[in-house]
Structure formats: structure tokens, C-alpha cells
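The values are calculated or read from the model by the stated rules, or taken from the named source; none is laboratory data. What you see is a predicted model, and the numbers here were worked out from it, not measured in a lab. Here the Cβ positions follow ideal geometry from the backbone for every residue, glycine too, while neighbour counts run over all protein chains shown.
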Amino acid sequence: MQINAYLNFSGNCAEAFRFYEQVLCGKITFMQTHGESPMRDQTPPGWENAVMHVRLEVGDQVLMGSDAPGEYYQKPQGFSVSLGMGDPAEAERVYNALSEGGQVRMELQKTFWAERFAMLVDRYGTPWMINCQAGG
């Protein structure tokens, strides 16, 4: 069994995932818009460029997402995408990138359980936790 986060956006999924691809040093292995799909003839006007499905691979991990039609989109709440890291410098780099234009809930800092830990919501509305374990 594999468990993956699936993120929904309100029209900016492609932009968000291109950003995540850079920040997380991953690779988008699939992205399809509604207009590119076999159901393109049934796509509502103005929705052709909305992402139907995207898959980002980061090492052996996968993050997926799509744009949700306005009536189905809900602001993310009650969860965070958790990033486990072993290098404090990498944690700092990712934190700085994800927090730019977002909302920091807890600054990146040393805690009793981690060399670095932070909580934030990025500019796309995705909640993140960054956890850099003590000792790598």
C-alpha cells in the first residue's frame, strides 16, 4: 500500500506544481489539463487549461493534485504535507522558498525533537510542516 497526498487548487494547480517541482527538487511525471483529456468536448468553457491531474515524484515519494471546480473547491484545513529532512541547510532552503508569500505559523527553529521544525501555509494555500531530524 502507498499513501499519497492529493492537493486541490482553485485554478492555479499547474503554477503551484511547477513551483513544488523546483523547491522539492522533484519531477512532474504527468500533467494533463481538462482540454487535453479525452473528455475535452465535455469541458465547461474557461476550464480547458485547468489541471485534471498532476503527478510530482520526489525520490520515491509522490505528490498529486488537480484544480477543483469552484463549487467543489474547499480551502485546505485540518492537515499538513509533512517534509522529513536530514540536512538543516536543505530545511532552511525549502522553508525560505515555501514561506515566501505565504503565512508562517511557526518559524523554522530548533526544537527538542528536531534540528529544525516549521509550520507554514504557502502562497497557494497548501499547509506544510518541515521536520529536520536531529542527527540526520
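For the stretch 1-31, which residues satisfy the criterion of being under 10 Å from the mean Cα position of the chain (by Cα), surrounded by fewer than 16 Cβ atoms within 10 Å (Cβ to Cβ) and free of Cβ contacts under 8 Å to residues at least 60 places away in the same chain?
Scanning the stretch 1-31 gives a single hit, 18.
Restricting to the stretch 90-125, name every residue that is without any contact (Cβ under 8 Å) to a residue 24 or more places away in the chain and more than 17 Å from the chain's Cα centre (by Cα).
106, 107, 108, 109, 110, 111, 112, 113, 114, 117
Here's a check for you: in the stretch 58-70, which residue that is out of contact with any strand residue (DSSP E or B) (no Cβ under 6 Å at 6 or more places or on another chain) and under 15 Å from residue 43 (Cα atoms) is modelled with the lowest pLDDT?
70
Can you report the number of residues in the stretch 71-109 which are more than 13 Å from residue 125 (Cβ to Cβ), among the hydroxyl-bearing types (Ser, Thr, Tyr) and modelled with pLDDT of 95 or more?
Summing the residues that are more than 13 Å from residue 125 (Cβ to Cβ), among the hydroxyl-bearing types (Ser, Thr, Tyr) and modelled with pLDDT of 95 or more in the stretch 71-109 gives 3.
Out of the stretch 108-128, which residues are over 14 Å from residue 5 (Cβ atoms) and assigned to a strand (DSSP E or B)?
108, 109, 114, 115, 116, 117, 118, 119, 120, 121
Pairs, please: C-beta under 6 Å, at least 6 apart or cross-chain, first residue surrounded by fewer than 21 Cβ atoms within 10 Å (Cβ to Cβ) and in the stretch 51-65, second of a type in the set (A, V, I, L, M)?
55/64; 58/24
Suppose the filter is free of Cβ contacts under 8 Å to residues at least 40 places away in the same chain, surrounded by 15 or more Cβ atoms within 10 Å (Cβ to Cβ) and either of a type in the set (A, V, I, L, M) or in a loop (DSSP other than H, G, I, E, B) (or both); does residue 83 pass it?
No: the conditions fail for residue 83.
On the given criteria, is residue 92 surrounded by fewer than 12 Cβ atoms within 10 Å (Cβ to Cβ), among the charged types (D, E, K, R) and out of contact with any His (no Cβ under 9 Å at 6 or more places or on another chain)?
No.
Test each condition in (1) loosely packed, with under 14 Cβ neighbours inside 10 Å; (2) under 30 Å from residue 34 (Cα atoms); (3) not assigned by TED's automatic domain parsing to the domain that holds residue 9 for residue 123 and report the one that comes out false.
(1)
On the basis of being in a strand (DSSP E or B), of a type in the set (A, V, I, L, M) and in contact with a Phe, Trp or Tyr (Cβ under 6 Å, 6 or more places away or on another chain), does residue 54 make the cut?
yes
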